[in-house]
Amino acid sequence: MKTRKINMGMVGGGPGSFIGPVHYKAAVMDGQIKLVCGAFSSDPEKSKITGKEYYLQEDRIYGSWEEMILSEKRLSESVRMDLLSITTPNHLHFGPAKMALENGFHVVCDKPLAVTVDEARELVRLTVTTGLVFALTHTYAGYPMVKEARHLVRSGGLGQIRKVVSEYPQGWLTEPLERTGHVQASWRGDPERTGKTSCVGDIGTHAFHLAEYITGLKVTELYADLGTLVPGRKMDDDASMLLHFNNGARGVLYASQVSAGEENGMKIRIYGEKGGLEWTQTEPNSLIVKWHNKPTEIRRAGTAYLCKAARYNTRLPAGHPEGYIEAFANIYRNVATTLQYSMNREEPPEEALDFPDVHDGLRGMQFIEAVVDSNRSKTWVSL
């Protein structure tokens, strides 16, 4: 039951931000969420500039996220924000998330969840204690054909899974952009703002999450090799690792930001006893299913033969491309639907509960820590 729009506040997303506008467009796409306030920058003047671009009331454009959370809490329930969207660099995820939960606000946070496992565990504790919703924008889980892949694997269609190959190559940091004043490269290349890793935290966590999300398996141990391939760079820009899963399956994960010529080549291949599948982010509306002893299939988004979850997360008829913003929007829409049902003390539909959450965030932080430990010790590390 939908009674009103969900009121959203935003932290981050000021001038020069890439991910902030993506969050905003995704949040408002389905008409279930409206932006009512924001603290878009640590510079109050820059925050005002962005707030005016979103046509916000001047008194609800804040100079800091602390001020916003406390001020919004004093407003009436129907007016104040219900949900805080966190679109800041990594080191500014934990503080706003913790304060939002402590003051009764739901959270949607960009990944990774925090910069340490201890911070992630604290957010899990607060989420469980308060009963609030905490979603993490592992965007690729929102694609319809990823939902179809998940259904195929988890329903046993491929038999027992034996091999998982998950990769995310980019080429945008082939040159040392962080030395040119490039906003996105600068904070990603700064250990004080990005955390223990750069490449693994930024894109490796997506490849890891997708492997576990689709298969339902857990990585039990890994052997990682991190590289800094651009001379003089402070942090990792390339990663390769071997994975062991809890059913005995083996895996390979590759993440790189110096694979020259690549765009955002997130790709996953999963092989079972009966066949395999392949999904690529640059061709997201197709899922290739390869059988051991019969012809290969190409399943397409928007078609009636797909599973319920894939159809639920598709907006357009077959042949009309949907992409990154729509996948991102599926996470926000599912969160909004969950909140709307909860406001009426009703149980949300199963499909609406399908979004990455705080537990996925903790899992991602544990993955990052295991990768760093393995690279340092040159041994297999349990996860």
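Please treat every number below as a calculation from the coordinates, not as lab data. Owing to the predicted nature of the structure, the values given are computational and were not obtained by experimental measurement. Neighbour counts are summed over all protein chains in view; Cβ atoms, including those assigned to glycine, are modelled from backbone coordinates with ideal geometry.
What is the count of Lys pairs in segment 1-68 whose alpha carbons sit under 27 Å apart, if the two are 8 or more places apart or on different chains?
Within segment 1-68, the lysine pair count is 13.
Projected area of segment 144-318, taken from the Cα convex hull and averaged over every viewing direction, in nm²?
Working: hull surface 45.3 nm².
The number I arrive at for segment 144-318 is 11.3 nm².
Quick one: 3J(HN,Hα) in Hz for segment 274-286, Karplus 6.51/-1.76/1.60 with θ = phi - 60°, rounded, Gly and Pro as x.
9, x, x, 9, 8, 9, 10, 5, 6, 10, x, 8, 10
Efficiency by 1/(1 + (r/R0)^6): what FRET value for residue 5 and residue 180, r their Cβ-Cβ distance, R0 = 45 Å, to the nearest 0.05?
On the way: r = 41 Å, r/R0 = 0.91.
So, using R0 = 45 Å, E works out to roughly 0.65.
Looking only at segment 4-23, which residues have a backbone nitrogen under 12 Å from a spot 7 Å from the Cα of residue 43 in the C-beta direction?
14-17
Can you compute 3J(HN,Hα) from phi for each residue in segment 46-54, using the Karplus curve 6.51 cos²θ - 1.76 cosθ + 1.60 with θ = phi - 60°, rounded to whole Hz and x for Gly and Pro?
Using θ = phi - 60°, the values come out as 5, 4, 5, 4, 5, x, 5, 5, 8 Hz.
By how many nm would the segment from residue 293 to residue 325 lengthen if fully extended, with 0.36 nm per residue of separation less the alpha-carbon distance? Kindly include the intermediate steps, with their values, before the conclusion.
On the way: separation 32, 0.36 × 32 = 11.52 nm, distance 3.70 nm.
Contour length minus the Cα-Cα distance gives 7.8 nm.
Assuming a ≥ b ≥ c are the square roots of the Cα gyration tensor eigenvalues, decide whether segment 1-125 counts as rounded (a/c under 1.5), prolate (otherwise, with a/b larger than b/c) or oblate.
On the way: a/c = 1.39, a/b = 1.16, b/c = 1.20.
Verdict is rounded for segment 1-125.
On full extension of the chain, what length is gained from residue 130 through residue 154, given 0.36 nm per residue of separation minus the C-alpha to C-alpha distance? Spell out each step's value before the answer.
Values: separation 24, 0.36 × 24 = 8.64 nm, distance 3.10 nm.
Answer, rounded to one decimal: 5.5 nm.
Place a label point 7 angstrom from the Cα of residue 76 along the Cα-to-Cβ direction, then list the residues of segment 2-31 whose backbone nitrogen is under 20 Å away.
The answer is 3-9, whose backbone nitrogens lie closer than 20 Å to the label point.
Segment 77-171: which chymotrypsin sites (Phe, Trp or Tyr not before Pro) are DSSP loop and have at most 14 other beta-carbon atoms within 10 angstrom? Don't skip to the answer; put the middle values down first.
Values: sites: 94, 105, 134, 140; in loops: 105.
Sites meeting the loop and neighbour criteria: none at all.
Between residue 351 and residue 300, what is the FRET efficiency for a Förster distance of 22 Å, r being their Cβ-Cβ separation, to the nearest 0.05?
Working: r = 20 Å, r/R0 = 0.91.
Rounded to the nearest 0.05, the efficiency is 0.65.
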